[in-house]
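The values are calculated or read from the model by the stated rules, or taken from the named source; none is laboratory data. If you're wondering where the values come from, they're calculated on a predicted model, not measured in any experiment. Note that each Cβ is placed from the backbone with ideal geometry, even for glycine, and that neighbours are counted across all protein chains shown.
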Amino acid sequence: MATSWNSLSSADGSYMTLITVLALTVLWLLWSVSSYFRCRNRLPVPPGNFGFPFIGQTVEHVLAMSTADGIRMWVQKQIEKHGPLFKFRFAGYPMVMLGDEEGNKFIFQNDGMSIHTFWPSKIATLFGPHSLLLQSGERHKLLRRHFSKMFDRAAVSRYIHGVNRNTIRHFTNHWQGKEQLAALDMTNLHTFSTICSLVLSLEEGPLMDKTLEALQTWLRGIFSLPINLPGFDYYAALKSRGLIFEVFDRLMEQRRQEIAEDRVPEASQTDFLNWMLTVPDEEGNMFQDSFIRDNLLLLLVAAFETTSATLAMTIFYIAKNPHVYEQILQEQKLISDEKCSSGKDENAMTMEDISAMKYTWKVIQEVLRLQPPVVGSYRKTATDLEYKGYLIPRGWLLNWNTQYTHYNPESFKDPLTFDPSRWETRPPPFTYLPFGGGIHSCPGNEFAKMSMLTFIHHLVRNFSWSLVDANYDGPFIRDPCSRPPDKVLISVKQITAS
């Protein structure tokens, strides 16, 4: 009986094993057939080369980024091989560059939906987790809407008097009596003192100098290798971030005490620090100190380096094109003469004056086209995307970049030529992106325009200049914005406004 029972159990076990094997075989066959048809119907990924595992084109891309011409030529080389849509590998990530205006449109119109903002971990660490730069989705919309109130046209109209006063003081203190200057050093000092005054009510002096030095060290870490060891730029940048935050903490403590005692100076009542300490967000919550620090840093960076570098390069291109200087001077003299004829202070500045500087703005626009302070940024796909017959898998990065569209002869005739007159007509959409685009475009572009035009107005009304190295035409260093090696060294002559 026992033998019969064991035999039956063995037979049942063999039967169950056979059923299991058959079932697994059927499932495998179904999966294989399904995979075959999925693979057969699957779109190809964009053309290009991933290069070495993990490293990919990281090293050559970083080296190209060290010069303005280098990154432009690197992009053009890839486009010549693969077209404006190509893949490469950067810092371990598969990345697709959508180089033309159609690619820019695709990214910006899908931004915040199937595409989200992305920054390499090194940059995210330098900016901090609470920075608006790193936010996406509803959180980004909420914060951007809140912050935009500080940079809309009404706010810029309030700031113009302070910017104008600071600009006049800058030329009086740092240009008068000088025969030779490094223009970039001057625009750095002017731009940083202006933004520190408006954001922190921090005036020129040892504390501002310390903060400027720390911020410039921080900036050198942006395009450095992420090596957190002594002697490397990234290590120094992280240390400088801590020094900058010490300054913020000191100013926050001082301001909180002034608020508690109801003795905040009138000039400080409208600065960004006071606003962040006293105005809750749209959900009624007060900002935490860690949030305030990260976004004060973002404000200083965004308003400082991009504006300063653009002004320095504007001084460079004006010096290279004397007829441009003459046209700017005539436009600015007309504005001053109209003030004098109506009995107004010719040194004052209004938004109407800014609107009248049409040719001067065309000059700056052309500088921004040739030497954009930011050449592009990254996004990350939240789902598989189809674009122009290619599959861009979920989790891949997208890179929009100005180095194709800004130099595309189909959009800009003779693209390497400095020609402000091209701005008599508007360029095609999504071809000109010095301030980015979509929901992550720069919210402070109106402020930047106002402050740059105010600076150029007082510069040409009081000084003429020439390049010490008049024959220099490039290449331009990018660290992270474009500049010649001598920081735009100029010979200066003060003139009498007439």
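How many residues does region 38-80 hold that are among the charged types (D, E, K, R) and in contact (Cβ under 8 Å) with a residue 24 or more places away in the chain?
3
Here's a check for you: in region 396-414, which residue that is outside any strand (DSSP E or B) and in contact (Cβ under 8 Å) with a residue 40 or more places away in the chain is surrounded by the fewest Cβ atoms within 10 Å (Cβ to Cβ)? Please lay out each step first, then the result.
Pass one, region 396-414, residues outside any strand (DSSP E or B): 396, 402-414.
Filter once more, keeping what is in contact (Cβ under 8 Å) with a residue 40 or more places away in the chain: 396, 403-405, 407-408, 411-412.
On the way: Trp396: 19, Gln403: 22, Tyr404: 24, Thr405: 25, Tyr407: 16, Asn408: 18, Ser411: 19, Phe412: 21.
So the residue we want is Tyr407.
Which one of Leu277, Leu298 is aliphatic (A, V, I, L, M), over 19 Å from Leu134 (Cα atoms), touching a helix residue (DSSP H, G or I) at 6+ places or on another chain (Cβ under 8 Å) and surrounded by 13 or more Cβ atoms within 10 Å (Cβ to Cβ)?
Exactly one of Leu277, Leu298 is aliphatic (A, V, I, L, M), over 19 Å from Leu134 (Cα atoms), touching a helix residue (DSSP H, G or I) at 6+ places or on another chain (Cβ under 8 Å) and surrounded by 13 or more Cβ atoms within 10 Å (Cβ to Cβ), namely Leu277.
Please work out if Phe127 is modelled with pLDDT of 95 or more, under 26 Å from Ile222 (Cα atoms) and surrounded by 15 or more Cβ atoms within 10 Å (Cβ to Cβ).
Here the answer is yes, as Phe127 does meet what is asked.
Restricting attention to region 388-399, does a residue exist that is aromatic (Phe, Trp, Tyr) and either in contact with a helix residue (DSSP H, G or I) (Cβ under 9 Å, 6 or more places away or on another chain) or at positive phi (or both)?
No, that holds for no residue.
Out of everything in region 337-361 that is part of a helix (DSSP H, G or I) and crowded, with 19+ Cβ neighbours inside 10 Å, what residue ends up being farthest from the chain's Cα centre (by Cα)?
So, considering only residues that are part of a helix (DSSP H, G or I) and crowded, with 19+ Cβ neighbours inside 10 Å, the one farthest from the chain's Cα centre (by Cα) is Asp353.
Quick test for you: out of Asp249, Asp262, Asp281, Asp294, pick the one residue that is closer than 30 Å to Pro373 by Cβ and part of a loop (DSSP other than H, G, I, E, B). Explain how you work it out, then say what you get.
Numbers: Asp249 fails: part of a loop (DSSP other than H, G, I, E, B); Asp262 fails: closer than 30 Å to Pro373 by Cβ; Asp294 fails: part of a loop (DSSP other than H, G, I, E, B).
When all the criteria are applied, what remains is Asp281.
Working only within region 284-300, note down all residues that are among the acidic types (Asp, Glu) and over 17 Å from Asp271 (Cα atoms). So that I can check it myself, show each step before the final result.
Applying the first criterion (among the acidic types (Asp, Glu)) to region 284-300 yields 289, 294.
Of everything in region 284-300, nothing turns out to be among the acidic types (Asp, Glu) and over 17 Å from Asp271 (Cα atoms).
Hey, among Val59, Val33, Val45, which residue is surrounded by fewer than 16 Cβ atoms within 10 Å (Cβ to Cβ), of a type in the set (Val, Ile, Thr) and at pLDDT 85 or above?
Val45
Report, by residue number, each residue of region 220-235 that is of a type in the set (A, V, I, L, M, F, W, C) and touching a helix residue (DSSP H, G or I) at 6+ places or on another chain (Cβ under 6 Å).
Keep residues of region 220-235 that are of a type in the set (A, V, I, L, M, F, W, C), which gives 222-223, 225, 227, 229, 232.
Ile227, Leu229 - these are the residues of region 220-235 that are of a type in the set (A, V, I, L, M, F, W, C) and touching a helix residue (DSSP H, G or I) at 6+ places or on another chain (Cβ under 6 Å).
Test of understanding: among Ser491, Ser482, Ser466, Ser421, which residue is without any contact (Cβ under 8 Å) to a residue 60 or more places away in the chain and among the small types (Gly, Ala, Ser)?
Details: Ser491 fails: without any contact (Cβ under 8 Å) to a residue 60 or more places away in the chain; Ser482 fails: without any contact (Cβ under 8 Å) to a residue 60 or more places away in the chain; Ser466 fails: without any contact (Cβ under 8 Å) to a residue 60 or more places away in the chain.
After ruling out the rest, the residue left standing is Ser421.
Going by the conditions given, is Met208 touching a helix residue (DSSP H, G or I) at 6+ places or on another chain (Cβ under 9 Å), closer than 16 Å to Leu300 by Cα and without any contact (Cβ under 8 Å) to a residue 24 or more places away in the chain?
yes
Determine which single condition Val374 fails, assuming it passes every other condition in (1) among the β-branched types (Val, Ile, Thr); (2) in contact with a strand residue (DSSP E or B) (Cβ under 9 Å, 6 or more places away or on another chain); (3) at pLDDT below 95.
So Val374 meets the others, but not (2).
Only one of Leu225, Leu207 is of a type in the set (A, V, I, L, M, F, W, C) and at pLDDT 95 or above. Can you tell me which? Walk me through it before giving the result.
Working: Leu225 fails: at pLDDT 95 or above.
Of Leu225, Leu207, the one residue that is of a type in the set (A, V, I, L, M, F, W, C) and at pLDDT 95 or above is Leu207.
Test of understanding: among Asp473, Asp469, Asp419, which residue is in contact with a Lys or Arg (Cβ under 9 Å, 6 or more places away or on another chain), surrounded by fewer than 21 Cβ atoms within 10 Å (Cβ to Cβ), closer than 30 Å to Lys178 by Cβ and among the charged types (D, E, K, R)? So that I can check it myself, show each step before the final result.
Working: Asp469 fails: in contact with a Lys or Arg (Cβ under 9 Å, 6 or more places away or on another chain); Asp419 fails: closer than 30 Å to Lys178 by Cβ.
Of the residues listed, the single one that is in contact with a Lys or Arg (Cβ under 9 Å, 6 or more places away or on another chain), surrounded by fewer than 21 Cβ atoms within 10 Å (Cβ to Cβ), closer than 30 Å to Lys178 by Cβ and among the charged types (D, E, K, R) is Asp473.
Of the conditions (1) surrounded by 12 or more Cβ atoms within 10 Å (Cβ to Cβ); (2) over 24 Å from Ala448 (Cα atoms); (3) more than 26 Å from the chain's Cα centre (by Cα); (4) not acidic (Asp, Glu), Arg263 clears all except one; give me its number.
So Arg263 meets the others, but not (1).
Does region 112-121 contain any residue that is exposed (fewer than 15 other Cβ atoms within 10 Å of the Cβ) and over 23 Å from His440 (Cα atoms)?
no
Just wondering, is there one or more residues in region 93-105 that are within 19 Å of the chain's Cα centre (by Cα), under 14 Å from Ile439 (Cβ atoms) and surrounded by fewer than 18 Cβ atoms within 10 Å (Cβ to Cβ)?
Yes, region 93-105 has at least one match.
crowded, with 19+ Cβ neighbours inside 10 Å, under 17 Å from Phe447 (Cβ atoms) and either modelled with pLDDT of 95 or more or of a type in the set (A, V, I, L, M, F, W, C) (or both) - does that describe any residue in region 316-326?
Taking every residue of region 316-326 in turn, none turns out to be crowded, with 19+ Cβ neighbours inside 10 Å, under 17 Å from Phe447 (Cβ atoms) and either modelled with pLDDT of 95 or more or of a type in the set (A, V, I, L, M, F, W, C) (or both).
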